[in-house]
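J.: Okay, handing you the structure first.
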Amino acid sequence: MCGIVGAVLTEGSVLEGLLGGLRVLEYRGYDSAGVALGLEGGVSIRRKAGRIEKLEDDLRAVPLADSPIGIGHTRWATHGPPTDENAHPHTDNQRRLALVHNGIIENHSELRAELEAEGVTFSSGTDTEALAHLLGRELDRSAPSLAEALRRALRLVHGYYAVAAMRFGDEKELVCARQGPPICVGVTPEGSYLGSDVLALIPHTRDIVFLEDGDVCELAPGRMEVTRIDGSVVQRASHHVSWEEADAGKGVYPHYMLKEIHEQPDVLARTAFSRIDEARGDVNLGHDELGDGGWSDALLQSIDRVQVAACGTALHAGYIARYLIEGLARIPVDVDYASEFRYRDPVLAPNTLALAISQSGETADTLAAQRLAREKGCTPAAICNVAGSTLVRESDAVVLTNAGPEIGVASTKAFVAQVIAAYLLAVRLGRARGVIDRVQGLELVRELRLLRPSLERLLSEDHVAEIKAVAGRHLNAKGFMFLGRGINYPVALEGALKLKEISYMHAEGYPAGEMKHGPIALIEPGMSTVVVNSRGLVADKARSNVEQVRARGGQVICVGSDPESLALADEAIEVPRSSEWLSPVLNVIPLQLLSYEIARLRGCDIDKPRNLAKSVTVE
Ligand code: AGP
C-alpha cells in the first residue's frame, strides 16, 4: 500500500527527512515515488516510476532548492500504470499546492468530467489528480485556508483515503485527512510530521496521534488542530510508541524477513512471559499501553461463541486459535476469511466474541468484518500488533502481540505472536470459566517457557544449514504440497503461503486428510510434499499420508517431532517435542526458513515481493 510522509519545520530543509521517511515505508510495497517542496508562492515536484533510488538520482542530477515544508509518497498503482506522470504528488493547474493520496476515490470520473467542463486540464490517469484540482478550485472559491479547502473538497468525494496536502503561500500550510487507510501525526517545537505509520515518525517523535476516520488535521511547528470534515474541532489523544528506531532496521541481516524470523524467541518472551501468573496458574491479557486489555471476567464468562475473521497469515493463526479455544476453553469457534465474512450477511449467535486477528490492524477487509460483527451485536475483540491501530481502537478487548514492527511483507514473527496470543486467550477463557483449574493452568503456562530453548535450537546455525541443504535439493521442484493434520493443518497452509509469496513457486496447503479427495492427483516425481507432523492425536494418520505420497513417487519433506514419520520421509527436519497445543509455534520455523532459503536461491525480492503490500488497506 502507498506510503505518505510530510513535514513542516520552523527552519531548515525537509527533503532528507522526507526521503528517509519514504525509505522506512518502502516495506509497504510501491512502484513509483515522489516528493514536493513548498516554495514561496508555489511548489516544486519531482516524481519517478520505479524505486526510490531513481527519484534520488533525479534529485542529485537537478537539485531542488531547500524548503521547510514538503510531502512525499510511494505509490502502489491502482488507477493508472506506474509512470512518472501517474506518480504522486499531484498539483492543480496553478501549481499552488501539492497533494498525495492512499486509497481510492470512487467517484473520480464524475469529478474529472465536472472539472474538465470548467476548463481544468488533467495530466495523469490517476483518481488522485481530481482531488488536487478540487482543492485548487476551493482555493479559487476563497477558502480561507488549505484545511478548509480540503474539508470542502472531501465533502464531494466518495471512497476512502489517507491524504496529505501542502502549500507555501502567505504561510506554510500542511494538512492531512483520513477515511480508511491510516495516517498519524506528531508535533515538536522544531517541526510537525505526518506519515502512513509510526515508523516514519519515530525518528522525529514517539508521541504520536492516530487520526480517526473523518478527521482533518492542520499542522504547524509545535501546533496541530484536528477537526471533523464539518469543521468542528475535536481532541485526539497522543500515544507514546515504545518501538525503538533500531527496531525498524535490518541489523546484521540481509533481509528484514530473516531478522524477524530470528527475533521470534524474543517475541515469545515479550508476548507471553510477562503475562504468566504462576501463582494463579493463569495469565493476564493486559498490556502496559492498554491496561487490562478489556478482558474482564464478566466478559469472558459471557461468551458463548467466538467468530474469527482475518486475512492471509493472520487467518491461519485464526484456524489455530479455533483448535486452542475449543480444545482448552471448550467454546465453539467459527473462522472465516474477512473478505467473505463482510459480504455474506452472516448469522451470528448472541454472546458472540468477534475476534479479529491482524498484524497491522489496518487491513480493510478485517476492519470491515469487525465493524459488521459489531453492528450484529457481537463484542469486537482483537489480536493485533499495533497499539494505535484502527482495529485496536475499535475493539472492546485486545491482546497486543508485542512482536515489534514487522517490516518484511511475508509475515513471520507476527504469526508466531498471534498463535501465542491465541493460546494465552484460550487459557484465560478456560480459567475464567472454570474449565481449566489452577493446576492445569500452571502446567499450560509453564509449557510456554519451555518453547524458548526449542525456538533457539531451530534457529541455530546447524539447523539453518540443514534447511539450506533441503532448499537446494528442492529448488527446482515442479511445485509444492503442504500437508498437516489437526492443529498443524493451518501450519501447512502458512508454509504454502510463505513459499508462494516470496519465491513465486506454486504451493498448495491442505488438511492431509483431504489428499485422497483430489489433490493426490498432483503427486508425481518432481513434486515436493511437505508433511507437518508432531507427536499427538493424529500423528499416525499423517504418517500414512507420508507413505501415500511416497508410494506415488512424490518426494516428502517431513517437519515435526514424530520419529516414525521422519524415518519414512525423503527429507527429515526434526522439531523438538512440545505440548501439541504449542507445536505450531515450533513447526512453522523450518517452513519460514525453507521459503526464505528457496526465495534467496531464486534471487527473489524477499522483503518486497512482486504485487504484494505489507498492509492491504484497500479492498
Ligand atoms: C502474510 O505473509 C501476508 N503478508 C498477508 O497474507 C497478511 O498476513 C495479510 O494481508 C493480513 O495482514 P494483517 O495481519 O496486517 O491484517
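J.: Identify the single condition in (1) surrounded by 24 or more Cβ atoms within 10 Å (Cβ to Cβ); (2) part of a helix (DSSP H, G or I) that S360 does not satisfy, given that it satisfies every other one.
T.: In the conditions (1) surrounded by 24 or more Cβ atoms within 10 Å (Cβ to Cβ); (2) part of a helix (DSSP H, G or I), S360 misses (2) alone.
J.: Now a separate question. Can you tell me which residues in region 280-298 are over 21 Å from the mean Cα position of the chain (by Cα) and crowded, with 17+ Cβ neighbours inside 10 Å?
T.: Initially, region 280-298 is screened for residues over 21 Å from the mean Cα position of the chain (by Cα), giving 280-286, 288, 291-292, 294-298.
Listed by number, the residues that qualify are G281, D282, V283, L285, G286, G294, W295.
J.: Output the residue which, of all residues in region 386-403 that are open to solvent by less than 10 Å² (accessible area, probe 1.4 Å) and part of a loop (DSSP other than H, G, I, E, B), is nearest to Q264 (Cα to Cα).
T.: By that ranking, first place goes to A403.
J.: Additional query: Residue check: is V14 open to solvent by less than 20 Å² (accessible area, probe 1.4 Å), at pLDDT 95 or above and under 19 Å from the mean Cα position of the chain (by Cα)?
T.: Details: open to solvent by less than 20 Å² (accessible area, probe 1.4 Å): yes; at pLDDT 95 or above: yes; under 19 Å from the mean Cα position of the chain (by Cα): no.
The answer is no for V14.
J.: Oh, and also: Of the residues that make up region 483-500, is at least one touching a Lys or Arg at 6+ places or on another chain (Cβ under 8 Å), closer than 27 Å to D607 by Cα and at pLDDT 95 or above?
T.: no
J.: Could you check, for region 289-311, whether at least one of its residues is within 15 Å of the ligand (Cβ to nearest atom) and among the polar types (S, T, N, Q)? Reasoning before the result, please.
T.: We begin by selecting, within region 289-311, every residue within 15 Å of the ligand (Cβ to nearest atom); these are 308-311.
From what is left, the residues that are among the polar types (S, T, N, Q) are none.
Scanning region 289-311, I find no residue that is within 15 Å of the ligand (Cβ to nearest atom) and among the polar types (S, T, N, Q), so the answer is no.
J.: Same structure, new question: Within region 147-160, how many residues turn out to be in contact with a strand residue (DSSP E or B) (Cβ under 6 Å, 6 or more places away or on another chain) and surrounded by 24 or more Cβ atoms within 10 Å (Cβ to Cβ)?
T.: Within region 147-160, residues that are in contact with a strand residue (DSSP E or B) (Cβ under 6 Å, 6 or more places away or on another chain) and surrounded by 24 or more Cβ atoms within 10 Å (Cβ to Cβ) number 1.
J.: Next question. Evaluate region 256-279: report whether one residue or more is at pLDDT 95 or above, open to solvent by less than 40 Å² (accessible area, probe 1.4 Å) and assigned to a loop (DSSP other than H, G, I, E, B).
T.: no
J.: Surrounded by fewer than 22 Cβ atoms within 10 Å (Cβ to Cβ), under 26 Å from Y343 (Cα atoms) and hydrophobic (A, V, I, L, M, F, W, C), is that true of A368?
T.: Values: surrounded by fewer than 22 Cβ atoms within 10 Å (Cβ to Cβ): yes; under 26 Å from Y343 (Cα atoms): yes; hydrophobic (A, V, I, L, M, F, W, C): yes.
Yes, satisfied.
J.: If I ask for residues that are within 16 Å of the ligand (Cβ to nearest atom), open to solvent by less than 10 Å² (accessible area, probe 1.4 Å) and over 20 Å from G293 (Cα atoms), which ones from region 338-357 would you list? Before you say what the answer is, go through the steps one by one.
T.: Taking region 338-357 as the starting set, the residues that turn out to be within 16 Å of the ligand (Cβ to nearest atom) are 338-342, 354-357.
Restricting the remaining residues to those that are open to solvent by less than 10 Å² (accessible area, probe 1.4 Å) gives 338, 341, 354-357.
Those that are within 16 Å of the ligand (Cβ to nearest atom), open to solvent by less than 10 Å² (accessible area, probe 1.4 Å) and over 20 Å from G293 (Cα atoms): A338, F341.
J.: Then there is this: Among the residues of region 371-385, count how many are in a loop (DSSP other than H, G, I, E, B) and either surrounded by fewer than 23 Cβ atoms within 10 Å (Cβ to Cβ) or within 14 Å of the ligand (Cβ to nearest atom) (or both). First the steps, then the outcome.
T.: If we filter region 371-385 for residues that are in a loop (DSSP other than H, G, I, E, B), which is where we start, we get 376-378, 385.
Filter once more, keeping what is either surrounded by fewer than 23 Cβ atoms within 10 Å (Cβ to Cβ) or within 14 Å of the ligand (Cβ to nearest atom) (or both): 376-377, 385.
Matching residues across region 371-385 total 3.
J.: Which ones in region 1-34 are assigned to a strand (DSSP E or B) and farther than 14 Å from L194 by Cβ?
T.: In the first step, residues of region 1-34 are kept if they are assigned to a strand (DSSP E or B); the result is 3-9, 32-34.
S32, A33, G34 - these are the residues of region 1-34 that are assigned to a strand (DSSP E or B) and farther than 14 Å from L194 by Cβ.
J.: Let me ask another. Identify all residues within region 96-144 that are open to solvent by less than 20 Å² (accessible area, probe 1.4 Å), outside any strand (DSSP E or B) and among the polar types (S, T, N, Q); write none if there are none.
T.: N107, S124, T126, T128
J.: Can you pull out every residue in region 601-610 that is more than 10 Å from the ligand (Cβ to nearest atom), in contact (Cβ under 8 Å) with a residue 24 or more places away in the chain and of a type outside the set (D, E)? First the steps, then the outcome.
T.: We begin by selecting, within region 601-610, every residue more than 10 Å from the ligand (Cβ to nearest atom); these are 601-608, 610.
Restricting the remaining residues to those that are in contact (Cβ under 8 Å) with a residue 24 or more places away in the chain gives 601-602, 604, 606-608, 610.
If the condition is that a residue be more than 10 Å from the ligand (Cβ to nearest atom), in contact (Cβ under 8 Å) with a residue 24 or more places away in the chain and of a type outside the set (D, E), then L601, R602, C604, I606, K608, R610 are the ones that fit.
J.: Please specify each residue of region 312-326 satisfying the condition of being more than 16 Å from the ligand (Cβ to nearest atom), among the hydrophobic types (A, V, I, L, M, F, W, C) and out of contact with any strand residue (DSSP E or B) (no Cβ under 7 Å at 6 or more places or on another chain). Steps first, answer last, please.
T.: The first filter runs over region 312-326 and keeps only residues more than 16 Å from the ligand (Cβ to nearest atom), leaving 322-326.
Filter once more, keeping what is among the hydrophobic types (A, V, I, L, M, F, W, C): 324-325.
Selection gives L324 alone.
The values are calculated or read from the model by the stated rules, or taken from the named source; none is laboratory data. Just so you know, these numbers come straight off a predicted model, no measurement behind them. Don't worry about glycine lacking a Cβ; one is built from the backbone with ideal geometry, like all the others, and counts go over all protein chains shown. Heavy atoms of the whole protein, side chains included, go into the accessibility calculation; ligands, DNA and RNA do not. Shrake-Rupley method; radii C 1.70, N 1.55, O 1.52, S 1.80 Å.
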